[in-house]
Ligand code: 6R9
């Protein structure tokens, strides 16, 4: 095994940044033999050509804790079989394959087979209930779903008839006995397929991935990404996660979200490093054991996970993780998804022997945009600086906490310490190329050559960025984005609910939990029994990841004159904060049952 070199991939931020150019960086990719770029080819095939096919690509840790290795050559074999199976099933180029899968070798064969075949991959979160699964498959025009038997029975069978375009459901664990109606056995299909496959000639502009994310209003948004994004995955995995040959990398993100794709699969495989794939759930002992036994060198995790570890394990004295486990291989720890408190950075230093480096990005950006790099001393509480090739800015905001756009122009704030909207200059390769079927919503994200992120930040005199908050009502709970509108809509399906407003209530571990305020129809009475019923009703539809944890009954919800629930005010009242500008608040009576919409945002 190659031992990773001791110094960071990027030794000097200033000089790398000054000399960086995406066009020249393109030489880092292998590229398809006949021209073009394919994400799956970069992640798998290039290693076979470079003679490292026998290198371990995946270390799959089962729920029981046993680990098995899969080489790049084996990954090529399996994903080729999957790609050929798609051809046999008549799935056309550009059609979409959905996954509803936890972490395991089948997920990698499916994702990489789909990408190598030039089909589009859309991952779903296994903690979604039937309704979010149905909605996303329907919006995304799912042709194929790959899932497990248990997940099919629990979340798909009941909604299948309402996803008319879905033609094939492939079960990774068909088990014994007859298969559920309308499903196929993936192992059988794979066994019957050839392991020889020539990667489809895709262009950097061809669609590769679809990731659903949540907005304030309306349906979830399908952020589309192109094959050419792989260049940003590769570059950022090297510069921001400090990954290099010989590393053993562990990304704890769920594969249903963008981090699990960009850094759980594509980035590290492209660099040829070994990736740990843990099928189990969060458990401190299990996690420290994996870090030690797999000799993980680079660890990418999330603030919620760190907070859970901080609560459960001593940070100093005897019994600290670094005393109990051999963490000597660990070299770099990074986090993403939520603000990383200085406390967590310090905990890392004491308990693991390494500070935690923050990284900032979004589903829409496709890859890490801002990071605290390995060569720089950590500034606890800061997200870091823009990665080479990315130009960031703070834009002056209007009263609505969004960048003020006057005659198509924005104002960049140069002075340090001023709060404004974080914007990124258009032009990095993993920028999303659209919201599926929603061109207007896509266009509203841009002004004056900038992509407007919707996050509020400040920048210090040295160019380091500091997170302030989101400018919209979207909730980040345990690192996952939840759209309040999706939750409100589900609650309003219940006959007792006249109106619902949903907010994120701050929580010490999850960052925020979903809290709903509900106004009842006249013939229903508020009480614990109805509250329990509504909680169960929402949980059954939405699943544990999205459903509200708390419900309060209100006789009246604050509404704007146009009849939208003012979530901002619900949040201010819940937290005992000043109510701010309430000039648009409706003061006389209320227009019940007119719409399920809430305070409008971009
Ligand atoms: C990768 C991912 C994006 C939103 C983003 C911001 C929040 C992400 C953060 C952070 C503070 C960080 N966010 N990283 N907030 N510090 N380092 O999480 O994508 O699920 O689309 O969420 O998450 O609000 O706008 P996504």
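What the table below lists for this structure:
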read-out: Number of the exception - residue 180 against (1) assigned to a loop (DSSP other than H, G, I, E, B); (2) at pLDDT 95 or above; (3) within 27 Å of the chain's Cα centre (by Cα); value: (3)
read-out: Qualifying residue in segment 468-485 (condition: closer than 21 Å to residue 537 by Cα, touching a residue at least 40 places away in the same chain (Cβ under 8 Å) and away from the ligand (no atom under 15 Å from the Cβ)); value: yes
read-out: Some residue of segment 297-312 being in contact (Cβ under 8 Å) with a residue 12 or more places away in the chain, touching a strand residue (DSSP E or B) at 6+ places or on another chain (Cβ under 6 Å) and more than 22 Å from residue 338 (Cα to Cα); value: yes
read-out: Selected residue (only one of 211, 233, 227 is touching a helix residue (DSSP H, G or I) at 6+ places or on another chain (Cβ under 6 Å), under 14 Å from residue 430 (Cβ atoms) and within 12 Å of the ligand (Cβ to nearest atom)); value: 211
read-out: Test: residue 54 is surrounded by fewer than 16 Cβ atoms within 10 Å (Cβ to Cβ), over 27 Å from the mean Cα position of the chain (by Cα) and assigned by TED's automatic domain parsing to the domain that holds residue 160; value: yes
read-out: Residue match in segment 240-257 (condition: away from the ligand (no atom under 14 Å from the Cβ), at pLDDT below 95 and assigned by TED's automatic domain parsing to the domain that holds residue 336); value: yes
read-out: In segment 5-31, residue surrounded by the fewest Cβ atoms within 10 Å (Cβ to Cβ) [restricted to those that are within 28 Å of the chain's Cα centre (by Cα) and in a loop (DSSP other than H, G, I, E, B)]; value: 21
read-out: Any chance residue 260 is closer than 25 Å to residue 126 by Cβ and either modelled with pLDDT under 95 or in a helix (DSSP H, G or I) (or both); value: yes
read-out: Selected residue (only one of 500, 490 is buried (at least 16 other Cβ atoms within 10 Å of the Cβ) and either more than 30 Å from residue 399 (Cβ to Cβ) or within 16 Å of the ligand (Cβ to nearest atom) (or both)); value: 490
read-out: Number of the condition not met by residue 272 [criteria: (1) out of contact with any helix residue (DSSP H, G or I) (no Cβ under 6 Å at 6 or more places or on another chain); (2) surrounded by fewer than 23 Cβ atoms within 10 Å (Cβ to Cβ); (3) not in a helix (DSSP H, G or I)]; value: (1)
read-out: Members of segment 407-432 found to be surrounded by fewer than 16 Cβ atoms within 10 Å (Cβ to Cβ) and either in a loop (DSSP other than H, G, I, E, B) or without any contact (Cβ under 8 Å) to a residue 12 or more places away in the chain (or both), listed by number; value: 407, 408, 414, 415, 416, 417, 418, 426, 427
read-out: Every residue from segment 501-532 that is in a helix (DSSP H, G or I) and touching a residue at least 24 places away in the same chain (Cβ under 8 Å); value: 530
read-out: Check on residue 458, within 18 Å of the chain's Cα centre (by Cα), on the phi < 0 side of the Ramachandran plot, outside the structural domain of residue 536 (by TED's automatic domain parsing) and not in a helix (DSSP H, G or I); value: no
read-out: Tally of residues being away from the ligand (no atom under 13 Å from the Cβ) and either within 19 Å of residue 398 (Cα to Cα) or buried (at least 19 other Cβ atoms within 10 Å of the Cβ) (or both) across segment 444-466; value: 7
read-out: Exclusive hit being in contact with a strand residue (DSSP E or B) (Cβ under 9 Å, 6 or more places away or on another chain) and farther than 21 Å from residue 76 by Cβ, set 143, 162; value: 143
read-out: Odd one out for residue 37, checked against (1) in a helix (DSSP H, G or I); (2) in contact with a helix residue (DSSP H, G or I) (Cβ under 8 Å, 6 or more places away or on another chain); value: (1)
read-out: Among (1) closer than 25 Å to residue 191 by Cβ; (2) touching a helix residue (DSSP H, G or I) at 6+ places or on another chain (Cβ under 9 Å); (3) not in a loop (DSSP other than H, G, I, E, B) - the single one residue 137 does not satisfy; value: (1)
read-out: Subset tally (residues that are under 19 Å from residue 484 (Cβ atoms) and crowded, with 18+ Cβ neighbours inside 10 Å) for segment 521-536; value: 1
read-out: Verdict on residue 509 being touching a helix residue (DSSP H, G or I) at 6+ places or on another chain (Cβ under 8 Å) and modelled with pLDDT of 90 or more; value: yes
read-out: Enumeration of residues in segment 349-398 that are farther than 30 Å from residue 21 by Cβ and surrounded by 24 or more Cβ atoms within 10 Å (Cβ to Cβ); value: 356
read-out: Conditions (1) in a strand (DSSP E or B); (2) under 22 Å from residue 371 (Cα atoms): number failed by residue 498; value: (2)
read-out: Within segment 158-181, tally of residues that are out of contact with any helix residue (DSSP H, G or I) (no Cβ under 7 Å at 6 or more places or on another chain) and under 27 Å from residue 481 (Cβ atoms); value: 2
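The values are calculated or read from the model by the stated rules, or taken from the named source; none is laboratory data. As the structure is a prediction and not an experimental result, all values here were calculated from the model. Backbone-built Cβ (ideal geometry, glycine too); neighbour counts: all protein chains shown.
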